[in-house]
Amino acid sequence: MAGCSDGTSSTDASLADGVQTLPAVNAFGDPAEALASGEVAQPRRTPDVVYVPTPEHVVEAMLKLGEVKRGDVLYDLGSGDGRIPIAAARKFGVRGTGIEIDPERIREANANAREAGVADLVTFREEDLFEADFSEATVVTLYLLDSLNEKLRPKLLAELKPGTRIVSHDFRMGDWQPEQTVEIPPSTIYRWTIPERD
C-alpha cells in the first residue's frame, strides 16, 4: 500500500535484504550483467494500477486504523516504494512484506528499507498479488481499485485467518461493508476484519 491507485499500471510490492525478486535478465541470461549494464527490468505482465504513493499522513492513519502493534505480520498488496511496511517496521518493530509486480519499485523499496534501517524486518517480493501467498498476515493494506479489491475479496476471505485486519486507502470491497471508515481529506480509509468461519 505504499502506493498504488487509479488507472492500469501496478500491483505493488515488498522489500528486504534477502530479497526474493526476479531481476532483469539481459540477452546473455545474466541478471547481474543486466543490472550492471543499466538495463531496466520490466514487469512480467502489465501492472493493474498506476503507481501513486500513499501520502505519509495517510500511511500513519492506516496503521492506526489497522491497530498495528508489535507481534503483527503486515502484508502490503501493491507496495510500491515500500513506505507502508517500512513505516510499520520503524514504528512498531513488526515484520512486513510487500507484494509488488514492478521490479523497479522492488529495487526502490529495498533501497528505502536499507536507508530506514529496517531491511532485517521487511521483505519485498516481485509477485502477482492474485497468486501470492499472504496467509500469514495479521494486517493487510491495500491501495488498488474498487474492481481489484472485489476481485481479491474471495482470496482474502478464504486464505486469511479470522481476526486479520484489512485496511484500504480510498477503495472499497463491493457490498462487503467496512466496519470503520475514516476521512483524511482528500483521502478515505476503510477497515474490515476477516470473520470467524462457520
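What follows draws every value from the coordinates through simple rules; no lab data is involved. Please read all numbers here as calculations on a predicted model, not as lab measurements. As a convention, Cβ positions derive from the backbone with ideal geometry for all residues, glycine included, and neighbour counts pool all protein chains shown.
With a cut-off of 18 Å on the backbone N, the residues of region 97-140 near the modelled label site 7 Å out from K91 along Cα-Cβ are 97-98, 113, 116-119, 121-123, 138-140.
Once the chain from E150 to E136 is taken as fully extended at 0.36 nm per residue, the excess over their C-alpha distance is 3.0 nm.
Between E67 and R114, the modelled label-to-label distance comes to 3.8 nm, taking each label 7 Å out from Cα in the direction of the beta carbon.
Diffusion coefficient of region 40-198 by Stokes-Einstein, Kirkwood radius over Cα pairs, 4 °C, 1.567 mPa s: 84 µm²/s. The local environment of M173, defined by Cβ-Cβ distances under 9 Å, has a net charge of -1 under the rule Lys, Arg +1 and Asp, Glu -1.
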